[in-house]
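Participant: First the structure, then my questions, so here it is.
The values are calculated or read from the model by the stated rules, or taken from the named source; none is laboratory data. None of these values were measured; they are calculated from a predicted model. Cβ coordinates were reconstructed from backbone atoms using ideal geometry, including for glycine residues, and neighbour counts include every protein chain displayed. The protein model used for the area step is the full one, side chains on, heavy atoms only, and it has no ligands, DNA or RNA in it. Shrake-Rupley method; radii C 1.70, N 1.55, O 1.52, S 1.80 Å.
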Amino acid sequence: MSPARVRTAMVRRGAHGVVVVLVALLAGACVGVPDTGEVHQFGVSDGGGPAGDVAAIDPEPPRRGATPSEIVSGFLDALQASPVSTTVARLYLTAEASDAWAPQDAIITYTDRAQVLGGPGVRIRLSGTQSYDRVGRWQGPLDDADSTLSFRVVRVDGQWRITDPPDALVVSRSWFAPRYTTADLYFLDPAGTSLVPEPVVVPVGETSASTLVRGLLAGPRPGLSSVERSEFPAGLRLALSVPVDSSGLAQVNLQGQMPPLSGAQLGRLFAQLGWTMRQDRRVRSVALTIDGQPVTLPGGATEVDVSSGASYDTGLDANGTLYGLQDGRVVAGQAGDLTPLDGPFGVRPRDWAAVAVDLGGTTVAAVSASRDRLVIGPTRLGTGRVVRTVLAGATDLGAPTWTATGRLWVVDRTPSGARVSSRREVETRMREVAVPGVSGRRVRSILASPDGTRLVAIVDDRRSSRVVVARVALDAAGDVTNVLPARTILRAPRVREVGWFRSEEHTSELQSPMYLVCRLLLEKK
């Protein structure tokens, strides 16, 4: 059997007829997923490119004598100015509407638009919609009702003007794709030991650094206070833009009240800021001021390298070690040079159904060939640890999955539906955890994120599969308090497997590590 990377969280037999598709965690924003072909990468920006690679668009102002339909169509066209600007679009509005309009509140993208005949005003039906909030977080597709926009127009000095524009930047997907890209805002887990990425879309170009800071100051998404937190107090705001000098120093000037913070709190604050800002390739270090006063770390430093947050990063295996099964033994090493582990799982061959090695490379979790038992043990001899059973009497265990903190997850696929269990290092046995939208469903597999705040599952419906994500709420000690309801991020035919993937490539000025990316293997028809 050929070895599989531990990040795939499982070793499979007879994997034939599959294609690999990379889908960002915001995968619901993808235009589509193929079921044949070469390797493709899909994300909320569908690739994108540097700002200099896209054409400038100078929209036309309203034409005298234009009909209501032409005014609405011209307004939507004007929203697609490049560089991004709403100056011309406002000319299609009444003065009162222009003053009240807040296009920064949301982004709505569409693949096609058409006017709906009949009814009051001018109605436009959008197809293939995706929506994002004011921070750039994906909200999912619009429902049928919200996909139809209604515009009321009135005469102003004999010319038709719009009185009620939607508070959103409404643009086509083809315009959006090269002008926006994905990035992560980094918050902290409740214990303050790990950085938690939150994917967003941001405009490419010199405004990206400012957009990232504003998103960070907005704080975690509402409803996620039990999942993540921020050391930035509420009420801080960015004074102006974030200048980046020739040496790569980003000067972040904030306004507002900053309460006294301990050295540890300041370290976490700068870890959030640096790890978020490092995605802008121009930025090498950051300096922070509050109302003109520099924020100083213990020791007197006022500038911090963006890599200072590395100790809080829970990325994938840093040394690139590969793990897999060969002839019943767990093997490890680099591509082309894999050898059996010097431990109980490498010395004596056994027909395991699935194995996973923790991110520290110290512990193996293995599912018995009959899939009714889960055992754990050391990767190497001489540690004083032994192989022991942590779950017995199961029906059909899937592949186990680890977090960076050493938490182990596994799903038992029973006739009555999935039963999800979890275990911390200090616990002797797995314990069942209720996962709304996953427990009791027909689940193919689950996968925990390295930071421990997300649980991904493949749920098989009658004619298709769904990839769902549930957020895991933790207490300050790292114990699971509850799991929030799972949310569908992708629906596709026969999704076979998911895995985390760290991409070092970038297609714009931003350079996100993108380690929260799902790798999907879809069976060919």
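Participant: Hey, can you tell me all the residues within the stretch 226-238 that are farther than 30 Å from residue 470 by Cα and exposed (fewer than 15 other Cβ atoms within 10 Å of the Cβ)?
Facilitator: 237
Participant: Restricting attention to the stretch 160-174, does a residue exist that is surrounded by fewer than 16 Cβ atoms within 10 Å (Cβ to Cβ) and not acidic (Asp, Glu)?
Facilitator: Looking for residues that are surrounded by fewer than 16 Cβ atoms within 10 Å (Cβ to Cβ) and not acidic (Asp, Glu), one finds at least one in the stretch 160-174, hence yes.
Participant: Of these, 122, 116, which one is hydrophobic (A, V, I, L, M, F, W, C), more than 29 Å from residue 216 (Cβ to Cβ) and exposed (fewer than 14 other Cβ atoms within 10 Å of the Cβ)?
Facilitator: 116
Participant: If I filter the stretch 417-431 for residues that are within 24 Å of residue 493 (Cα to Cα) and within 21 Å of the chain's Cα centre (by Cα), do I get at least one hit?
Facilitator: no
Participant: Just a yes or no: is a residue in the stretch 272-288 open to solvent by 20 Å² or more (accessible area, probe 1.4 Å) and among the acidic types (Asp, Glu)?
Facilitator: No; the residues of the stretch 272-288 include none that is open to solvent by 20 Å² or more (accessible area, probe 1.4 Å) and among the acidic types (Asp, Glu).
Participant: Taking the criterion of being crowded, with 16+ Cβ neighbours inside 10 Å and free of Cβ contacts under 8 Å to residues at least 24 places away in the same chain, would at least one residue in the stretch 351-365 satisfy it?
Facilitator: Within the stretch 351-365 (the criterion being crowded, with 16+ Cβ neighbours inside 10 Å and free of Cβ contacts under 8 Å to residues at least 24 places away in the same chain), the answer is no, since none of the residues qualifies.
Participant: Would you confirm whether or not the stretch 390-401 contains a residue that is closer than 28 Å to residue 195 by Cβ, under 23 Å from the mean Cα position of the chain (by Cα) and not in a loop (DSSP other than H, G, I, E, B)?
Facilitator: Yes, the stretch 390-401 contains a residue that is closer than 28 Å to residue 195 by Cβ, under 23 Å from the mean Cα position of the chain (by Cα) and not in a loop (DSSP other than H, G, I, E, B).
Participant: Follow-up question, since we're still on this one. Would you mind finding the one in 133, 146 that is among the acidic types (Asp, Glu), open to solvent by 50 Å² or more (accessible area, probe 1.4 Å) and in contact with a strand residue (DSSP E or B) (Cβ under 9 Å, 6 or more places away or on another chain)?
Facilitator: Of 133, 146, the one residue that is among the acidic types (Asp, Glu), open to solvent by 50 Å² or more (accessible area, probe 1.4 Å) and in contact with a strand residue (DSSP E or B) (Cβ under 9 Å, 6 or more places away or on another chain) is 146.
Participant: I would also like to ask the following. Can you tell me which of (1) modelled with pLDDT under 95; (2) within 25 Å of residue 225 (Cα to Cα); (3) open to solvent by 10 Å² or more (accessible area, probe 1.4 Å) is the one residue 449 doesn't meet?
Facilitator: (3)
Participant: Tell me which strands (runs of 3 or more DSSP E) are completely within the stretch 145-217 and hold 2 or more residues being within 25 Å of the chain's Cα centre (by Cα) and not acidic (Asp, Glu), or say none if there are none.
Facilitator: By residue number, 169-172, 180-188, 195-203.
Participant: Test of understanding: among 309, 333, 274, 300, which residue is on the phi > 0 side of the Ramachandran plot and either under 23 Å from the mean Cα position of the chain (by Cα) or in a loop (DSSP other than H, G, I, E, B) (or both)?
Facilitator: 300
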